[in-house]
Amino acid sequence: MLYLIISILFLVTVVVLFRAAAESGAEPLGLNTVFRYTGGSLALAGFLLTNDIGELPRLWDEAGWLGITAGIFFWAAGFTAINAIRLGHLGITMTINRCSMVLPTLASILYWKEISISPVNGLVVLRFTGLAVAVSAIVFMGLDRIRRGEVDASGKPSVKWGLWLAASFFAHGSWETCLRASRSLPDDSARQFFMIVVFVTAMLFSLPIQFAFRPTLRKKECFYGVLAGAASFIGSGIRPWAVRDIDGIIVFPTTNIGVMLLVQLSGAIFWGHKMGRWGVIGLAAAVAGVLCMTLNF
């Protein structure tokens with residue numbers, strides 16, 4: 001449980017830093033580049049200091065390709081989230097983003113069979129009710145955005161925000177599904193190597209994009225990117241150990257409850273963000289949904 005609590009606190013820190021960077025005018029691609037370089041550099045340094053190079057072939061066979069796949073989704077999750085946060089309401093954006101936990105939760109139930117769905121019993125009904133309620137939260141959050149008439153900087157409806165948010169939803173859900181898959185790794189050294197490959201892949205994936213688009217790298221991109229990268233290295237880096245000790249149908253909903261509530265609180269304190277009636281209903285539905293996927297009886 002300690003791994004889970006630490007992970008939640010540092011993941012919230014990442015989100016708050018992203019929003020602070022957006023408020024300061026930091027360019028998203030440059031911010032994400034520094035963010036990924038920081039995580040990748042820390043991962044490489046950790047590997048060189050703590051691992052025997054002779055173990056590399058075994059570790060690669062056990063965790064290499066899974067780490068590369070997860071790393072691509074990890075990069076995409078970060079970049080799409082940065083843009084969604086920049087264009088929209090912090091609490092609404094992150095609540096919908098965190099509802100992407102329906103993807104790894106469904107995989108935990110249907111693919112990894114963490115609970116038996118046949119015969120149908122009360123626990124199965126509760127889990128799938130939670131999924132349905134979590135999805136309804138997305139609808140309520142969207143209604144709140146529409147009814148409040150929020151627009152982007154161009155004065156048109158926030159189509160860009162919606163597209164970035166949808167991309168963030170699927171990228172984040174896919175990354176967490178890969179994270180759940182790391183539970184099958186044979187030992188802690190393989191889990192450590194998995195996360196090293198994730199961070200290094202995300203860093204390398206940023207290289208051609210940097211050369212192609214030449215993102216802006218000013219003090220603000222570097223400052224917030226380094227801080228967010230270090231926080232992500234800790235918050236995301238220890239999650240395989242949380243998944244190792246606790247079932248995915250518990251880890252992912254619990255993580256998302258904590259992040260949603262703390263991010264919403266941070267948005268209200270630092271930026272004065274408020275929700276309308278539908279937004280409050282959506283937040284309540286999101287919490288209820290993830291609770292239904294967590295409770296046992």
Check on Gly25, at pLDDT 90 or above, among the small types (Gly, Ala, Ser) and under 28 Å from Leu165 (Cα atoms): no
Among the candidates Leu56, Leu66, Leu49, Leu31, residue that is aliphatic (A, V, I, L, M), open to solvent by 70 Å² or more (accessible area, probe 1.4 Å) and part of a helix (DSSP H, G or I): Leu49
Residue among Phe193, Phe213, Phe252 that is farther than 28 Å from Ala137 by Cβ, among the aromatic types (Phe, Trp, Tyr) and modelled with pLDDT of 80 or more: Phe193
Among (1) under 26 Å from Val133 (Cβ atoms); (2) modelled with pLDDT of 80 or more, the one test that Ile257 misses: (2)
Residues satisfying the stated conditions in segment 69-87, i.e. open to solvent by less than 10 Å² (accessible area, probe 1.4 Å) and under 14 Å from His273 (Cα atoms): Ile85
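The values are calculated or read from the model by the stated rules, or taken from the named source; none is laboratory data. Being a predicted model, the structure only gives us computed values, none of them experimental. Methodologically, a virtual Cβ is constructed for each residue, glycine included, from the backbone with ideal geometry; neighbour enumeration extends over all protein chains shown. Accessible surface is based on the protein model in full, side chains and every heavy atom, while ligands, DNA and RNA are left aside. Shrake-Rupley method; radii C 1.70, N 1.55, O 1.52, S 1.80 Å.
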